[in-house]
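Worksheet for the structure shown next.
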Amino acid sequence: MRPYSLFSPASLAVASLAAMLAVPLPAGARTASSAAPHDGLKLAQPQPDHLGAGPYDPSPTPAVALPLPPRYTMPRIVYAFAQPATKMMVLSRALSDACRRGRFIQRVDMLYRAFGPKETPLGVAYGTWAINLVDPDRKREVGMVYFFDKQDTARCAVYTARQDVLMPWYYGPGGGYGKDPAASARGPNAASPTPVSATTPQAP
């Protein structure tokens with residue numbers, strides 16, 4: 001065997017590995033393989049002596065406007081019946097179908113309410129004063145009152161009744177029944193119906 005064959009590259013690599021394993025590492029020393037792996041997706045954390053504010057963001061988060069406060073409404077009772085409410089009105093299937101499609105609904109559900117004895121209140125909208133009525137197809141009629149049950153559902157039902165017929169059960173903002181909500185529109189000298197003596201209605 002030739003003497004220089006003992007120093008072949010393979011033998012030198014084995015000898016170097018054996019020497020590394022035999023010599024202990026100094027205290028506190030860490031090899032590159034034992035260091036924490038580098039995550040390329042994470043931004044480098046600034047050092048204590050770092051004076052910058054971090055990398056520049058070319059697409060900052062757009063400004064978002066603060067939400068508007070909720071619309072303030074004052075719901076109130078407009079009709080309190082002495083008998084079941086459905087006996088005072090007629091179910092309209094055409095308007096009920098339009099209500100289920102969102103084409104004939106209250107602008108604010110239960111802004112005005114009506115109910116019979118121990119009944120769940122119904123929402124109310126007027127055909128004359130269509131302030132609280134969404135009616136893009138112009139289905140409303142002057143002098144008609146519309147009552148809504150289960151609006152915003154697939155079971156919405158709309159009942160109708162004449163405003164003049166319901167006057168004995170109307171509860172006006174001044175207190176008492178029999179006050180016509182359209183009296184101010186007719187003028188100060190217009191005759192108003194005689195109020196009916198009754199206690200203040202209470203919602204169930």
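The values are calculated or read from the model by the stated rules, or taken from the named source; none is laboratory data. For clarity, every value in this text was computed on a predicted model and none was experimentally measured. With ideal geometry, Cβ positions are generated from the backbone for all residues, glycine too; neighbour counts draw on all protein chains shown. Side chains included, ligands, DNA and RNA excluded: accessible areas come from the protein's heavy atoms. Shrake-Rupley method; radii C 1.70, N 1.55, O 1.52, S 1.80 Å.
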_Tabulated pairs, the stretch 151-165, first part of a loop (DSSP other than H, G, I, E, B), second of a type in the set (S, T, N, Q) and open to solvent by less than 20 Å² (accessible area, probe 1.4 Å), C-beta under 7 angstrom, 6+ apart or interchain_ = Gln151/Gln106; Cys156/Ser96
*Residue list for the stretch 87-112, filter: assigned to a strand (DSSP E or B), under 22 Å from the mean Cα position of the chain (by Cα) and not hydroxyl-bearing (Ser, Thr, Tyr)*: Ile105, Gln106
*If you go through the stretch 72-85, how many residues are modelled with pLDDT of 90 or more and hydroxyl-bearing (Ser, Thr, Tyr)?*
1
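Hey, any hits in the stretch 113-134 for a residue that's open to solvent by 70 Å² or more (accessible area, probe 1.4 Å) and part of a helix (DSSP H, G or I)? Talk me through it step by step, then tell me what you get.
We begin by selecting, within the stretch 113-134, every residue open to solvent by 70 Å² or more (accessible area, probe 1.4 Å); these are 117-118, 120, 129, 131.
With part of a helix (DSSP H, G or I) added as a condition, the list becomes 131.
Yes, there is a match, as at least one residue in the stretch 113-134 is open to solvent by 70 Å² or more (accessible area, probe 1.4 Å) and part of a helix (DSSP H, G or I).
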*asked:* Filter the stretch 158-179 down to the residues that are modelled with pLDDT under 55 and not hydroxyl-bearing (Ser, Thr, Tyr) and list them by number.
replied: Gly174, Gly175, Gly176, Gly178, Lys179
*Could you list, in sequence order, all residues of the stretch 88-104 that are open to solvent by 30 Å² or more (accessible area, probe 1.4 Å) and either farther than 17 Å from Arg162 by Cβ or among the charged types (D, E, K, R) (or both)?*
Arg93, Ala94, Asp97, Arg100, Arg101, Gly102, Arg103
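For every residue, the table says whether it meets (1) part of a strand (DSSP E or B); (2) modelled with pLDDT under 95; (3) within 30 Å of the chain's Cα centre (by Cα).
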| site | (1), (2), (3) |
| --- | --- |
| Phe147 | yes, no, yes |
| Pro188 | no, yes, no |
| Thr194 | no, yes, no |
| Ala203 | no, yes, yes |
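Is the stretch 87-101 home to any residue that is of a type in the set (S, T, N, Q) and either within 20 Å of Val158 (Cβ to Cβ) or at pLDDT 90 or above (or both)?
Filtering the stretch 87-101 down to residues of a type in the set (S, T, N, Q) leaves 92, 96.
Add one more test, that the residue is either within 20 Å of Val158 (Cβ to Cβ) or at pLDDT 90 or above (or both), and what stays is 92, 96.
Looking for residues that are of a type in the set (S, T, N, Q) and either within 20 Å of Val158 (Cβ to Cβ) or at pLDDT 90 or above (or both), one finds at least one in the stretch 87-101, hence yes.
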